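No value in this document is a laboratory result; all are computed from the given coordinates. This is a predicted model, so every value here is computed, not measured. Please note: Cβ atoms are built from the backbone with ideal geometry, for glycine as well, and neighbour counts cover all protein chains shown.
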Amino acid sequence: MTGALNEMSRTLTHSVHGRRFALIASLTVAVAMSAASGCSSQKTDDISQLVETLKDANSDARYQAVKTLGNRGAEAREAVPAMIALLKDPHGGVRVGTAYALGKIGPGAASAVPALTAALDDPNKDVRQAAAYSLPALGPDATTAWKALQKTAARDVDPSVRNEAAKSMAKIQTVYRFRQAADARKVGQTAEARP
């Protein structure tokens, strides 16, 4: 497997300009191959290396790192603080990728709710749309973004952003109602269990 990984890494290095991009391409291949083989011994090391790449001067490397972290899902939750900082990256593509990646991490990225809420005011419409899309995936903490989503759904200049914010509100409302019903059932069961 290491031979195949090295060959894939060499191919990516020769087909793309720049060493830093080659490094992130190698890490991406390593993550994909370890996931395919069920190997988990290097997961923490891979994530640590990807977090370091988030600080790279090359915006393509930062984008690829954040995309790879998002594809790791909940396993990448330790990278969330570093990813939150990228929501203010000077490159719009990195900000967009970060917003979507945080959504893929899910409730493990709940600490990103305030930053994603702030991203609803980003000058880049794609960032605003990605933030709106990702907020519901962060779990119950996303309810704190309700007013910002409501404002975005009503006032954003771009119709696709308004639409995404409205869909996110519907998702958050559904989860909120489900939780209320579940909590009410628990209270009822607790009251019935008392002597």
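At-a-glance table
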{"read-out": "Efficiency of FRET between Arg179 and Ser59 - r from beta-carbon atoms, R0 35 angstrom, step 0.05", "value": "0.35"}
{"read-out": "From phi via Karplus (6.51, -1.76, 1.60), per-residue ³J(HN,Hα) for the stretch 47-60 in Hz, x at Gly/Pro", "value": "5, 4, 5, 5, 4, 4, 5, 4, 8, 4, 6, 7, 5, 5"}
{"read-out": "Cβ-based exposure ranking for Thr143, Thr174, Thr53, Thr98, in which fewest neighbours within 10 Å come first", "value": "Thr174, Thr143, Thr53, Thr98"}
{"read-out": "Local electrostatic count at Lys171 - Lys and Arg +1, Asp and Glu -1, tallied over other residues with Cβ under 12 Å", "value": "+1"}
{"read-out": "Neighbourhood net charge (12 Å Cβ-Cβ; Lys/Arg +1, Asp/Glu -1) for Lys104", "value": "+2"}
{"read-out": "Per-peptide average of other Cβ atoms within 10 Å, ordering 83-90, 180-187 highest first", "value": "83-90, 180-187"}
{"read-out": "Residue exposure sequence - Ser160, Ser134 - by fewest surrounding Cβ within 10 Å", "value": "Ser160, Ser134"}
